[in-house]
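Notes for the one structure printed next.
Quick note: the coordinates plus some simple rules give every number you see, no bench work behind them. The model shown is predicted, which means the values in this text are computed figures rather than measured ones. Glycine gets a Cβ as well: all are built from the backbone with ideal geometry, and neighbour counts include every protein chain shown.
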Amino acid sequence: MQDFELLRDEHISELNTQALYYRHRTGCELVSLINDDENKVFGITFRTPPSDSTGIAHILEHAVLCGSRKYPVKEPFVELVKGSLNTFLNAFTYPDKTCYPIASTNLRDFYNLIDVYLDAVFYPRITPEVLQQEGWHYELTDTADSLSYSGVVFNEMKGAYSDPERVLAEHAQHSIFPDNTYGVDSGGNPRHIPDLTFEQFKRFHADYYHPANARVFFYGDDNPEQRLTLLEEYLGDYQPHAVDSAVGPQRRFAAPQRLDYPYAVDGAEGDEPKAFVALNWLLADDIDIDERRALQILDYALIGTPGSPLRKALIDSGLGEDLTGSGIEADLAQLCFGIGLKGVAAADVYKVEALVLQLLGDLAAGGIERGMVDAALHTAEFRLRENNTGAYPRGLVLMLRLLTDWLHDRDPFAPLRFEASFAALKQQLAADGRHMEGLIQRHLLDNAHRTTVVLRPDADLAARQEREEEARLAAVRAEMGPAELDGLVAATAALKRLQERPDDPADLAKLPRLELGDLEREIKSIPIEAAQVAEVPVLHHDLFTNGIAYLDIGFDLRVLPQELLPYIPLFGRSLLEMGTRRESFVELQQRIGAQTGGVWTQSLLSSRRDGGPAATWLFLRGKAMVDRVDELTRIARDVLLEGRVDDRARFLQMALEE
Ligand SMILES: [Zn+2]
């Protein structure tokens, strides 16, 4: 395909994948991963940095899913799902990008979904009514009434802004990026959403939803040549186009900053509402992939497990109820780090700041326990090797991982490789026992680009915001003459009619649907061998797991009185987070981290297909490389037979966190 220039063709041994990287003559970039995973993934991503908090990127994501040139129905995706076997179908707006991924194991279905998505992003029906419906509009049903705002994203973001943790995360991000696109809310602030005009909205689509600003991703066992053919059908209509969508740099602070914000609380709440505190850093500008991995391991060692020193010291301080902040944040153009506490008394907020800085200083000077670093390193490597992405398709997780670099014009394949990084890090740790401590010093302690964001409860805030909104609406209404008010009543009614009008059956029929012949005739079954060991039933599943053994030990809890059922999760955590007769809980956590891929508990409450009494089980679950299975079973034994569940102070901490 001559319109695609092949830039790179490499084998990624870590993923057993062939990786091709192309640029189309329009500027569109394509990463094509070829492997034997039947759960095929396609995604198209546009770099969409907003310059204000009108939610323009988020509203456009909604609007794109409201019908297109080939599929002119109101909700093509809702219709599509009815006749699809997709394993993933969604869209996401990030602070700097908008992603449209899909996944399916059925080839016909995969191609159908790709066509509907490509038509949607390149040829959506962008009308004033779509902006009104998905973004915002004035609502007026009678000229005598007062105006109100309505719209899907407007309402969604009103809900989001009533969640203090989201508000804190938003302020934290804005605080360290006041100068670039990360200083505004890509989701949309309800105060600013009504500033968005239809002209801006249309231009945003024309500028950014162009192949020159698109990154397309394919993954799986489908025909790699066909990928180019499918894309060419859409890209062929376009010419190259200059798009300025790069995220600008953030000027570095000369000194740390403190910022204080209110959050809305319900005056009727029983307990005294508490404050949130978050410390945030913008890490150095020149971090390569090896150092990024080292920082992610450091992050896990410091806060990743209940026994991690920074997490444990903050919880043990009693200054707050639980941690806030995401630790290392690698989704933006530059790395950030955030840590803090929620449920803090108003008088203690700066004690939290002082404590975090003191703890980091102590760790840098006194050293992080080697067992903690080894456990973090083993866990990180295990996770990458296992590549267990839960309910998410593997290819989707890879796409998001790859975009952290690709979106910012860095090497898209770097995040896929990890063996060299781990080997380098192990060597550095062997040569320099203080390597991790040096990272704390350089990136956190010696770094002035830091903020402390405090969120304080304000019982009057919601009422104040409501009054402000009413005043703005009243001012708009006062400017309108009788004819305009009549027009607004008519527009409100017209939008309702449009929303209620059913789709034309002829248009609905344009959506692709799977036929019976497209389905596999055979159903896949999981192999099961049943045996009995000392009267305990044992089930064995012989599956390809990339050298990892999974062990589940189940306990039938039907003997438990019903009123105790809600406490099963806390009991499960107690088993693993209080230590055993021979080791403290920190030592136990380190042993789990260094020897296994994780040990955890999970409860199962379910009705039964045969109508018998409900199933109530507690599972102790674990995984390890096959050569460490003995160690995994020893840990299970120690936890079950010698676990301590008598640490009252630790129990109180866990109850507060739940
Ligand atoms: Zn939304």
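Taking amide H atoms as placed 1.01 Å from N in the peptide plane, list the residues 5 or more away in sequence, or in a different chain, whose amide H sits under 5 Å from that of Gly188.
Close amide H contacts, sequence-distant or interchain: Gly55.
Around His137, what is the net charge, scoring Lys/Arg as +1 and Asp/Glu as -1 over all other residues with Cβ under 15 Å from its Cβ? Let's see the in-between values first.
Numbers: positive: Lys158, Arg472, Arg477, Lys496, Arg497; negative: Glu129, Glu134, Glu139, Asp145, Glu156, Asp195, Glu469, Glu484.
With Lys, Arg at +1 and Asp, Glu at -1, the neighbours total -3.
Kindly put Arg292, Arg251 in sequence by how many other C-beta atoms sit within 10 Å of each C-beta, fewest to most.
Listing Arg292, Arg251 from fewest to most nearby Cβ atoms yields Arg251, Arg292.
Measuring from label point to label point, each 7 Å out along Cα→Cβ, what is the Lys351 to Arg69 span in nm?
Taking the two extended label points, one gets 6.4 nm.
How would you order 508-518, 29-39 from highest to lowest mean count of nearby Cβ atoms within 10 Å? Walk me through the numbers on the way to the answer.
Values: 508-518: 13.0, 29-39: 18.7.
Descending mean neighbour count gives 29-39, 508-518.
Quick one: Kirkwood hydrodynamic radius for the chain, alpha-carbon pairs, angstrom, one decimal? The partial results should precede the final answer.
Details: mean 1/r = 0.0356 Å⁻¹.
Across the chain, the inverse of the average 1/r is 28.1 Å.
Quote the relative contact order of the range 529-657 in percent (integer), defining contacts as alpha-carbon pairs under 8 Å separated by 6+ residues. Spell out each step's value before the answer.
Values: 168 pairs, mean separation 39.2, N = 129.
Computed over the range 529-657, the figure is 30 percent.
List Ser326, Ser308, Ser603 from most exposed to least, where exposure is judged by having the fewest other Cβ atoms within 10 Å.
Numbers: Ser326 19, Ser308 24, Ser603 15.
Ordered by Cβ neighbours within 10 Å, fewest first: Ser603, Ser326, Ser308.
For the pair Glu535 and Leu564, how long in nm is the line joining their label points, each one 7 Å along Cα→Cβ?
Taking the simple label geometry, Glu535 and Leu564 are separated by 2.1 nm.
With a Förster radius of 30 Å, plug the Cβ-Cβ distance of Ala478 and Thr127 into 1/(1 + (r/R0)^6) and report the FRET value to the nearest 0.05. Can you show the working numbers first?
On the way: r = 29 Å, r/R0 = 0.96.
The pair Ala478/Thr127 has a calculated efficiency of 0.55.
Can you tell me which of 128-139, 479-490 comes out highest on packing, and rank the rest after it, using the mean Cβ neighbours within 10 Å?
128-139, 479-490
What residues have an amide H closer than 5 Å to that of Phe88, excluding those fewer than 5 places away on the same chain, when H is modeled at 1.01 Å from N in the peptide plane?
The list, which skips near neighbours in sequence, is Ala103.
Quick check: Cα centre of the range 504-564 to Cα centre of the range 273-328, how many Å?
Here the answer is 36 Å between Cα centres.
Stick to Cα atoms and the Kirkwood definition of Rh, then tell me Rg/Rh for the range 529-657. Write down the numbers at each step before the final one.
Working: Rg = 16.0 Å, Rh = 16.2 Å.
Rg divided by Rh gives 0.99.
For the chain, what is the percent of antiparallel DSSP beta bridges, rounded to the nearest 5? Write down the numbers at each step before the final one.
Numbers: 81 of 95 bridges.
Antiparallel bridges make up about 85 percent of those DSSP assigns within the chain.
Return the sequence-ordered ³J(HN,Hα) values of the range 64-79 in whole Hz as given by the Karplus equation 6.51 cos²θ - 1.76 cosθ + 1.60 applied to θ = phi - 60°, using x for Gly and Pro.
4, 8, 10, x, 9, 3, 7, 10, x, 10, 5, 9, x, 6, 4, 5
Could you put Lys524, Lys158 in order, starting from the residue whose Cβ has the fewest other Cβ atoms within 10 Å?
Numbers: Lys524 7, Lys158 17.
With the fewest neighbours first, Lys524, Lys158 line up as Lys524, Lys158.
Using helices alone, I'd like the mean residue ellipticity at 222 nm for the chain: each DSSP H run of four-plus residues gives -39500 (n - 2.57), total over residue count, nearest 500.
On the way: 22 runs with 256 residues, N = 658.
Calculated at 222 nm, the ellipticity per residue is -12000 deg cm²/dmol.
Report the extension gain between Tyr392 and Ala462 in nm, rounded to one decimal, defined as 0.36 nm multiplied by the number of residues separating them, less their alpha carbon distance. Intermediate values should be presented prior to the final figure.
Numbers: separation 70, 0.36 × 70 = 25.20 nm, distance 3.71 nm.
Answer, rounded to one decimal: 21.5 nm.
Within 10 Å, count the other beta carbons around each residue, average over each peptide in 369-381, 73-85, 238-250, and list them highest first. Please list the in-between numbers first.
Working: 369-381: 20.6, 73-85: 17.4, 238-250: 14.2.
With the highest mean Cβ count within 10 Å placed first, the list reads 369-381, 73-85, 238-250.
Checking a compactness column here: for the range 194-342, what do you get for Rg(Cα) / (2.2 N^0.38 Å), N being the number of residues?
On the way: Rg = 22.8 Å, N = 149, 2.2 N^0.38 = 14.7 Å.
Dividing the Cα radius of gyration by 2.2 N^0.38 Å gives 1.55.
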